[in-house]
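K.L.:
Here's a structure for you.
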Amino acid sequence: MSKNHQPGPFHAASAMDFLPPAQLRQVQFTRLMAMVTRAYERVALFRNRLEERRLKPADLKSIDDIAKLPFTTKTDLRDTYPFGLFASPLEEIVRFHASSGTTGKPIVVAYTQEDVDDWSLAMLRSFAACGVHSGDIIQNAYGYGLFTGGLGAHYGAEALGASVIPISGGNTDRQIMILKDFGATVICCTPSYFLHIIDRAGELGVDIKKLPLRAGVFGAEPWTENMRRRIEAESGVKAYDIYGLSEIVGPGVAMECLCQSGPHIFEDMFYPEIIDPKTEQPLPDGEEGELVLTTLCKRAMPMIRYRTRDITSLAADQCPCGRTIRRICRIGRRSDDMLIIRGVNLYPSQIEAALLKVEGTLPHYAIIVDRAQGLDTVEVQVEVTSESFSDTVGAMEQLQQKISHSIETVTGLHAEVRLVAPRTLQRSEGKAKRVQDKRKL
Ligand code: DLL
């Protein structure tokens, strides 16, 4: 192990990260059996899917048999909205979260008390993996609310025994003041937001390199090695990649260790597979494809072979940190059209759903995504009917506001709206290309 790759103090909660592979497989199989049995007995969709394949939980003989199980997709969550996939009665649910669906309705996820405890443990292991410890002051700038980032990181940080500053996202000047005044040693936020904090700190004459801030737990959106280098060079803060998604638990599905060689998946809790998104056949370690995850511990809302749409590969080589759990490579793209804007998931179909709610608009629109001073911007250009377009300036402004409001209601995001005359936006001869993503990550 090189000098830069010190393993850091070992945290007892991380023992599962280092299990011998045969023992890990045994743990995975035992947990899989309990989870699949629960899903089969309590969730109609899973029971029907298994019955269609003439499968019973008892037919699974080893963890490899997971490949016999049916996939679950975001459409399944949409079709069973809001509570149709719950395996626990509502009395046992202690928490809901939600994330963007593909149209107007969000997808809902739920947790029992044990689920919240397991999630906190996964986040504790995430923090411990990158050397964060009980003496740290963690500024948690992930959004608190239905988004899983804020509360997920919060509970994990408390379980670790660290001091949490639950500042949530936004209000950058205050973020910088608190970073300085409280002497935060760790920050949690999206990597693009941290770049924005760096830029703003520069404008305010604050040198982040001189602050006690040592590490950043960055995720919820794709980022690159280039961004990591920029963050580290400009702020002196070590940047670690954290991965997760609401459907599986939230943040803490996978997290980088001090070696910064890709997030380790907490495989005893979330079983990873890589499949070819077209043929749906499993691919071996090292090959790129779509990540499929199965929750091995979840009670309120178990997920069987959930198709994440995230494209990655599982690293086959051993990490110098000694963890036996596998790593995923950076997720740079998805196999669907979901965009991530300031950490918020956005489907073009949501914009369409928002426009449909406003009279006077036509179903032709373009979404232009860009990045200004580290922050993502969204402009929506909308064709309006000729009657609306020839209306008074006041009426046009009103329509613009209505559209903007409708987009914000459906997506939770603010977008600049530009009204254009009928037949101005380029028509496509094949699949409509509605999104221009000009961000250079
Ligand atoms: O973004 C959970 C999270 C919160 C992860 C805080 C990390 C930190 P969702 O809003 O459901 O959940 O979005 C999940 O975001 O399928 C990926 O496409 C993307 N994503 C999350 N982390 C990363 C990452 C949270 N480190 C979706 N790199 C996922 C690339 C990421 N993409």
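The values are calculated or read from the model by the stated rules, or taken from the named source; none is laboratory data. Computed from a predicted model, the values in this text were never measured in an experiment. Every residue, glycine as well, gets a Cβ built from its backbone with ideal geometry; the counts of neighbours run over all protein chains shown. The accessibility values were calculated without ligands, DNA or RNA, using every heavy atom of the protein model including side chains. Shrake-Rupley method; radii C 1.70, N 1.55, O 1.52, S 1.80 Å.
Yes/no per residue for (1) surrounded by fewer than 17 Cβ atoms within 10 Å (Cβ to Cβ); (2) at pLDDT 95 or above:
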{"position": "T103", "(1), (2)": "yes, no"}
{"position": "P106", "(1), (2)": "no, no"}
{"position": "T112", "(1), (2)": "no, yes"}
{"position": "V116", "(1), (2)": "no, yes"}
{"position": "S126", "(1), (2)": "no, yes"}
{"position": "A129", "(1), (2)": "no, yes"}
{"position": "V132", "(1), (2)": "no, yes"}
{"position": "I138", "(1), (2)": "no, yes"}
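K.L.:
I'm trying to understand the selection: among the residues of region 300-321, which are away from the ligand (no atom under 15 Å from the Cβ) and either open to solvent by 30 Å² or more (accessible area, probe 1.4 Å) or not assigned by TED's automatic domain parsing to the domain that holds L45 (or both)?
P.N.:
A316, D317, Q318, P320
K.L.:
Continuing with this model, one more query. Identify all residues within region 331-370 that are open to solvent by 40 Å² or more (accessible area, probe 1.4 Å), within 16 Å of the ligand (Cβ to nearest atom) and within 23 Å of G170 (Cα to Cα); write none if there are none.
P.N.:
Within region 331-370, R342, V344 meet the criteria.
K.L.:
Considering S406, S428, which residue is among the polar types (S, T, N, Q), outside the structural domain of H196 (by TED's automatic domain parsing) and open to solvent by less than 20 Å² (accessible area, probe 1.4 Å)? Step through it out loud before you land on a result.
P.N.:
On the way: S428 fails: open to solvent by less than 20 Å² (accessible area, probe 1.4 Å).
Step by step, each of S406, S428 is checked, and only S406 is among the polar types (S, T, N, Q), outside the structural domain of H196 (by TED's automatic domain parsing) and open to solvent by less than 20 Å² (accessible area, probe 1.4 Å).
K.L.:
When T172 is evaluated against the numbered criteria (1) open to solvent by less than 30 Å² (accessible area, probe 1.4 Å); (2) within 16 Å of the ligand (Cβ to nearest atom), which criterion, by number, is the only one it fails?
P.N.:
Every listed condition holds for T172 apart from (2).
This table checks each residue for (1) under 19 Å from T294 (Cα atoms); (2) not aliphatic (A, V, I, L, M).
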| residue | (1), (2) |
| --- | --- |
| F29 | yes, yes |
| M33 | yes, no |
| D59 | yes, yes |
| P70 | yes, yes |
| L90 | no, no |
| G135 | no, yes |
| T148 | yes, yes |
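K.L.:
Give region 166-201 a look and list any residue that's in contact (Cβ under 8 Å) with a residue 24 or more places away in the chain, more than 24 Å from the chain's Cα centre (by Cα) and part of a helix (DSSP H, G or I), or say none.
P.N.:
Hits for region 166-201 are D173, I176, I178, L179, K180, F182, D199, R200, A201.
K.L.:
Considering only residues of region 147-162 that are within 19 Å of F218 (Cα to Cα) and not in a helix (DSSP H, G or I), which is farthest from the ligand (Cβ to nearest atom)?
P.N.:
A162
K.L.:
Then there's this: Select from region 234-254 the residues that are hydrophobic (A, V, I, L, M, F, W, C) and either closer than 15 Å to L124 by Cα or within 9 Å of the ligand (Cβ to nearest atom) (or both) and list them in ascending order.
P.N.:
First, the residues of region 234-254 that are hydrophobic (A, V, I, L, M, F, W, C): 237, 239, 242, 245, 248-249, 253-254.
Passing the criteria: I242, L245, I248, V249, V253, A254.
K.L.:
What number of residues within region 249-291 are closer than 16 Å to I325 by Cα and assigned to a strand (DSSP E or B)? Step through it out loud before you land on a result.
P.N.:
Keep residues of region 249-291 that are closer than 16 Å to I325 by Cα, which gives 252-274, 284-286, 291.
Next, from what is left, pick out any that are assigned to a strand (DSSP E or B): 252-255, 264-265, 270-274, 291.
So the answer is 12.
K.L.:
What about R47, is it charged (D, E, K, R), in contact (Cβ under 8 Å) with a residue 12 or more places away in the chain and either assigned by TED's automatic domain parsing to the domain that holds A254 or open to solvent by less than 50 Å² (accessible area, probe 1.4 Å) (or both)?
P.N.:
no
K.L.:
Run down I231, I178 and say which single residue is open to solvent by less than 30 Å² (accessible area, probe 1.4 Å), away from the ligand (no atom under 16 Å from the Cβ) and of a type in the set (V, I, T).
P.N.:
Numbers: I231 fails: away from the ligand (no atom under 16 Å from the Cβ).
When all the criteria are applied, what remains is I178.
K.L.:
Within region 243-261, how many residues turn out to be closer than 24 Å to G374 by Cβ and open to solvent by 10 Å² or more (accessible area, probe 1.4 Å)?
P.N.:
Selection size over region 243-261: 5.
K.L.:
Could you grab the pairs with beta carbons closer than 9 Å, sequence gap of 6+ or different chains, first residue in region 339-363 and assigned by TED's automatic domain parsing to the domain that holds Q426 and of a type in the set (D, E), second one part of a helix (DSSP H, G or I) and open to solvent by less than 50 Å² (accessible area, probe 1.4 Å)?
P.N.:
Short answer, once both residue conditions are applied: E359/S388; E359/L399.
K.L.:
Going by the structure shown, is I165 of a type outside the set (G, A, S), touching a strand residue (DSSP E or B) at 6+ places or on another chain (Cβ under 9 Å) and either modelled with pLDDT of 95 or more or within 14 Å of the ligand (Cβ to nearest atom) (or both)?
P.N.:
On the way: of a type outside the set (G, A, S): yes; touching a strand residue (DSSP E or B) at 6+ places or on another chain (Cβ under 9 Å): yes; either modelled with pLDDT of 95 or more or within 14 Å of the ligand (Cβ to nearest atom) (or both): yes.
So I165 passes the test.
K.L.:
Can you tell me how many residues in region 62-94 are open to solvent by 30 Å² or more (accessible area, probe 1.4 Å) and part of a strand (DSSP E or B)?
P.N.:
Counting residues in region 62-94 that are open to solvent by 30 Å² or more (accessible area, probe 1.4 Å) and part of a strand (DSSP E or B) gives 1.
K.L.:
Please work out if D376 is surrounded by fewer than 21 Cβ atoms within 10 Å (Cβ to Cβ), within 16 Å of the ligand (Cβ to nearest atom) and of a type in the set (D, E, K, R). Steps first, please.
P.N.:
Values: surrounded by fewer than 21 Cβ atoms within 10 Å (Cβ to Cβ): no; within 16 Å of the ligand (Cβ to nearest atom): yes; of a type in the set (D, E, K, R): yes.
The answer is no for D376.
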